[in-house]
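K.L.:
First the structure, then my questions, so here it is.
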Amino acid sequence: MTINDPLSTLPLIKPLQESRLAHLGIVTIFDLLLHFPSRYEDYSQTLPLDQAAPGMQATFAGTLTQFSVQRSFKQRMLLTSATLTDESGSIRLIWFNQKFVGQVLSQGMEIRVSGKVTEDRQGLVLTSPAFERATRDATHTARLVPVYPETSGITSKYLRYLIAIIFKKLDTIPDPLPEKLIEKLHLPSLHRALFDIHFPKNEEVSLIAKKRFAFDEMFLLQLKTLEMRALYQGAHATPIPPRRSDMQSFIASLPFTLTRAQDAAAAAILSDLALDRPMNRLLNGDVGSGKTAVAALALHAVSLSGHQSALLAPTEVLARQHFESLSRLFAHTHFQIALYTKNYQLLDGEKVSKKTLLSALAAGMPSIVIGTHALLQDKVSFRSLALIIVDEQHRFGVSQRARLQEESFRSDDGQLESVPHFLAMTATPIPRTLSLACFGNLDISLLNEMPKNRKPIITRIARNHADRTKIEDFIRQEITKGRQAFIIFPLIETSLALKDVKAAVAEHETLEKEIFPDLRIGLIHGKMKSQEKEVVMKAFQERAFDILVATSVVEVGIDIPNASVIVIEEADRFGLSQLHQFRGRVGRGDHQSYCFLIPGEHASLENARLEALEKSSDGFHIAETDLALRGPGSFFGTRQSGLPDVAMESLTNLKLISLARSEAETLLTADPSLERHPLIRHSLARFTTRVHME
Ligand code: ADP
Ligand code: MG
């Protein structure tokens, strides 16, 4: 048996189970071995029966001195009961409705059982214990027993059974990592690590195995990163020569003075653009730090040189907003700006058909096109696309981004001809360790400075019902002053989306009828069509509403400078960075702004996370805290990154990341196309299809 064999080579694998496993993406023996336990139960201690006591979890070994299977008529229940006896004593065992127990066990057998001891009127008992013949190797009992993530129809017991067989039948698993490297890093071999992660002798061994997998993932991530970097560095891009005086007059035309951080980022971008190899840069900045203005400078430079640029936004609302703010910044120039979304295209301020806009872009007419995913999906072609900017870049997967940058620029022989310059912008600041791990292929510019004269947002946690009333009064005051307010009902997961939408809809009604009957209250949520959303956003921008009730659709970048209050309900359900992002919806104008965090009903009163937000307005600081408190998962939202848990944890491990990075560099220097490391090349291909972090 080898690791690439299909599961059907295993004995006792039935089509039903095979298809259930296939559903989990488990098709080959190797896939199954990579299905790691989520935890272990410690049954490693085998105890004499006279030591059994209620509440203890342990393994016992003995003879089945009594065994019977009964069916209770009333309850239609199958009851299997037995007595297990060793030299020191005995204990009762019962199983409910488990037909196979009666088929496998019988009186006189020697078995081991593992489970939790409880006590009922008849004495000590083990209910539904795991068991196996005493002559067998310990798989289900008498060890750290692996427990796998629950899936319908696939029990942990069944998986343990299959995996135990695999290790008996399998030849040695070839290790992609060079032996020298494994030795140098004191890591276990792949075979050893796989065995130990499923069947560890003790906890320490399982941790060492995990370390190996964490290294593997980080190593692949760095290889991928370096490979992409090399690909783009080797490619040709259109150099955009700086035109300082035009640039200066454009900067002078902006309605504000650039911050030092904006200046520095713009300078780095402009010098990248001047080269004939593609820029690959991440603009890592806090909410409200003014990323759009920096993007505008890059767009301006490219437009001046007569080439085209595309700016991608994650939602239609945001694309529309970028379109409007950039149109304002570029109003005095002669550059044409277009908008391209699924249902809506604008050219020269006019709504046009897709076809019209497509042919205009192909003819090189609009200098700048702002769009959504549709721009990727529709295979838009340009006459001369020199720059791509992606806003809120974590929303776009690796593959999409690669496709965007590569596909339309391959010549017929598959070589990269001329690749556009690439600038990514974050939605919220990303901590250093994470950016190093995940964006190692990008140069990074930090916008860690806020525009001057910006008043920090005053943040308060509502601690009781009286606070809520105060908040309502406060909202009313602000609205009387001419301000507007957001009330956020966060949308957590897709499975809960409907419920949350209902909550927002119901809450909107309550607010409208009972709390603020005299005010105008709008509603926006994720289940609305994008055109409907746009109508609502526009109305809010034009002050047709005083209050906007929203689910998390407002999370990203919406700019309503007149809004001065944001209330976030169920705030404890969110990551800090996300809350910080919500909070950034206000404080965008000249008005002192306020953020009220209302914890959910069941939230504990002591909430370190919310308090961190009350104390700090520094997005980078908050991001570091969030990373420490919640781990990297919080930065990638509910969407699966594709990285296993063992690797997620190590995204914060600077030492491991640096190690993986330097080893990946060494390997690629010696063997740039991984010709001499086919197994690594293969793992890397698997990795690429699996991970969507960037
Ligand atoms: P983000 O980085 O979150 O995308 P934006 O680019 O939307 O931030 O900028 C937030 C607000 O700050 C906008 O209204 C913008 O006009 C304003 N702004 C940007 N740069 C400056 C600056 N240097 N001085 C004052 N206001 C600025
Ligand atoms: Mg923005």
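K.L.:
Provide a single number: the residues in region 331-362 that are surrounded by 13 or more Cβ atoms within 10 Å (Cβ to Cβ), part of a loop (DSSP other than H, G, I, E, B) and over 35 Å from the mean Cα position of the chain (by Cα).
P.N.:
Summing the residues that are surrounded by 13 or more Cβ atoms within 10 Å (Cβ to Cβ), part of a loop (DSSP other than H, G, I, E, B) and over 35 Å from the mean Cα position of the chain (by Cα) in region 331-362 gives 4.
K.L.:
Where the second residue is more than 16 Å from ligand 2 (Cβ to nearest atom) and modelled with pLDDT of 90 or more and the first is on the phi > 0 side of the Ramachandran plot and outside the structural domain of ILE547 (by TED's automatic domain parsing) and lies in region 559-573, which pairs have Cβ atoms under 8 Å and are six or more apart or on separate chains?
P.N.:
none
K.L.:
So, one more: State all residues of region 296-330 that are of a type in the set (Asp, Glu) and either part of a loop (DSSP other than H, G, I, E, B) or within 13 Å of ligand 1 (Cβ to nearest atom) (or both); if no residue qualifies, say none.
P.N.:
First pass over region 296-330, keeping only residues of a type in the set (Asp, Glu): 316, 324.
The answer is GLU324, and nothing else.
K.L.:
Would you list the helices (runs of 4 or more DSSP H) that sit entirely within region 510-618 and hold 3 or more residues that are within 16 Å of ligand 1 (Cβ to nearest atom) and over 23 Å from PRO429 (Cβ atoms)?
P.N.:
On the way: elements: 530-541, 576-583, 608-615.
Hits in region 510-618: 530-541.
K.L.:
Can you tell me how many residues in region 103-133 are in contact with a strand residue (DSSP E or B) (Cβ under 8 Å, 6 or more places away or on another chain) and part of a strand (DSSP E or B)? Talk me through it step by step, then tell me what you get.
P.N.:
Within region 103-133, the subset in contact with a strand residue (DSSP E or B) (Cβ under 8 Å, 6 or more places away or on another chain) is 105-119, 122-133.
Within this subset, residues satisfying the condition of being part of a strand (DSSP E or B) are 110-119, 123-127, 130-133.
Selection size over region 103-133: 19.
K.L.:
Considering only residues that are polar (S, T, N, Q), within 26 Å of the chain's Cα centre (by Cα) and part of a loop (DSSP other than H, G, I, E, B), look in region 406-434 and name the one that is modelled with the lowest pLDDT.
P.N.:
Of region 406-434, the ones polar (S, T, N, Q) are 408, 411, 415, 418, 426, 428, 433.
When the remaining residues are screened for being within 26 Å of the chain's Cα centre (by Cα), the result is 426, 428, 433.
With part of a loop (DSSP other than H, G, I, E, B) added as a condition, the list becomes 426, 428.
Numbers: THR426: 85, THR428: 77.
Here the answer is THR428.
K.L.:
Picking from ILE479, ILE492, ILE487, ILE515, which residue would you name as being in contact with an Asp or Glu (Cβ under 8 Å, 6 or more places away or on another chain) and at pLDDT below 80? Step through it out loud before you land on a result.
P.N.:
Details: ILE479 fails: at pLDDT below 80; ILE487 fails: at pLDDT below 80; ILE515 fails: at pLDDT below 80.
Testing whether each residue is in contact with an Asp or Glu (Cβ under 8 Å, 6 or more places away or on another chain) and at pLDDT below 80 leaves just ILE492.
K.L.:
Return the residues of region 35-77 that are over 18 Å from SER90 (Cα atoms) and buried (at least 16 other Cβ atoms within 10 Å of the Cβ); say none if nothing qualifies. Reasoning before the result, please.
P.N.:
Looking only at region 35-77, we keep the residues that are over 18 Å from SER90 (Cα atoms), and these are 35-44, 69-77.
Result: HIS35, PHE36, PRO37, TYR40, GLU41, TYR43, SER44, VAL69.
K.L.:
Just to be sure, is LYS201 surrounded by fewer than 20 Cβ atoms within 10 Å (Cβ to Cβ), at pLDDT below 90 and in a helix (DSSP H, G or I)? Show your work before the answer.
P.N.:
On the way: surrounded by fewer than 20 Cβ atoms within 10 Å (Cβ to Cβ): yes; at pLDDT below 90: yes; in a helix (DSSP H, G or I): no.
Here the answer is no, as LYS201 does not meet what is asked.
K.L.:
Condition first: more than 16 Å from ligand 1 (Cβ to nearest atom) and part of a loop (DSSP other than H, G, I, E, B). Now tell me which residues in region 435-482 satisfy that.
P.N.:
Result: PHE439, GLY440, ASN441, LEU442, ALA462, ARG463, ASN464, LYS481, GLY482.
K.L.:
Still on this structure, I have one more. If you take the residues of region 235-258 that are in contact (Cβ under 8 Å) with a residue 40 or more places away in the chain and assigned to a helix (DSSP H, G or I), which of them is farthest from ASP618 (Cα to Cα)?
P.N.:
Taking the candidates together, the pick is ASP246.
K.L.:
A further question on this structure: Which one is nearest to PHE687 (Cα to Cα), of the residues in region 8-26 that are more than 30 Å from the chain's Cα centre (by Cα) and surrounded by 14 or more Cβ atoms within 10 Å (Cβ to Cβ)? Break it down stepwise before answering.
P.N.:
Restricting attention to region 8-26, the residues satisfying the condition of being more than 30 Å from the chain's Cα centre (by Cα) are 8-16.
If we keep only those that are surrounded by 14 or more Cβ atoms within 10 Å (Cβ to Cβ) too, we end up with 10, 13.
Details: LEU10: 26, ILE13: 27 Å.
Out of the qualifying residues, it is LEU10.
K.L.:
Additional query: Count, please, the residues in region 278-295 that happen to be buried (at least 24 other Cβ atoms within 10 Å of the Cβ), part of a helix (DSSP H, G or I) and either more than 13 Å from ligand 1 (Cβ to nearest atom) or of a type in the set (A, V, I, L, M) (or both).
P.N.:
2
K.L.:
Please tell me if ALA319 is touching a residue at least 24 places away in the same chain (Cβ under 8 Å), within 25 Å of VAL419 (Cβ to Cβ), within 16 Å of ligand 2 (Cβ to nearest atom) and surrounded by 23 or more Cβ atoms within 10 Å (Cβ to Cβ).
P.N.:
yes
K.L.:
When you go through (1) under 20 Å from PHE439 (Cβ atoms); (2) of a type in the set (A, V, I, L, M); (3) at pLDDT 95 or above; (4) more than 13 Å from ligand 1 (Cβ to nearest atom) one by one for ILE240, which number turns out not to apply?
P.N.:
(1)
K.L.:
Related question: For residues in region 168-177 being assigned to a loop (DSSP other than H, G, I, E, B), in contact (Cβ under 8 Å) with a residue 40 or more places away in the chain and surrounded by fewer than 16 Cβ atoms within 10 Å (Cβ to Cβ), which is farthest from the chain's Cα centre (by Cα)? Before you say what the answer is, go through the steps one by one.
P.N.:
Residues of region 168-177 that are assigned to a loop (DSSP other than H, G, I, E, B), as a first pass: 170-177.
Checking which are in contact (Cβ under 8 Å) with a residue 40 or more places away in the chain leaves us with 170-171, 173-177.
Of the ones still in play, those that are also surrounded by fewer than 16 Cβ atoms within 10 Å (Cβ to Cβ) are 171, 174.
On the way: ASP171: 36, PRO174: 31 Å.
In this case the residue turns out to be ASP171.
K.L.:
Here's a follow-up. What pairs come out if I take residues in region 259-275 that are free of Cβ contacts under 8 Å to residues at least 40 places away in the same chain and pair them with residues that are in a helix (DSSP H, G or I) and away from ligand 2 (no atom under 16 Å from the Cβ) whose C-beta lies under 7 Å away, six or more apart or interchain?
P.N.:
Here the result reads LEU270/ALA301, each pair linking region 259-275 to a residue that is in a helix (DSSP H, G or I) and away from ligand 2 (no atom under 16 Å from the Cβ).
K.L.:
What are the residues in region 652-694 that are charged (D, E, K, R) and crowded, with 18+ Cβ neighbours inside 10 Å, if any?
P.N.:
Narrowing region 652-694 to residues charged (D, E, K, R): 655, 661, 663, 665, 671, 675-676, 681, 686, 690, 694.
The answer is ARG661, GLU663, GLU694.
K.L.:
Out of (1) under 30 Å from LEU375 (Cα atoms); (2) of a type outside the set (Ser, Thr, Tyr); (3) within 16 Å of ligand 1 (Cβ to nearest atom), what's the single condition that is false for LEU223?
P.N.:
The single condition LEU223 does not satisfy is (3).
K.L.:
Could you count how many residues in region 126-167 are crowded, with 21+ Cβ neighbours inside 10 Å and among the small types (Gly, Ala, Ser)?
P.N.:
1
The values are calculated or read from the model by the stated rules, or taken from the named source; none is laboratory data. Keep in mind that this is a model prediction, so the values were computed, not measured. Note that each Cβ is placed from the backbone with ideal geometry, even for glycine, and that neighbours are counted across all protein chains shown.
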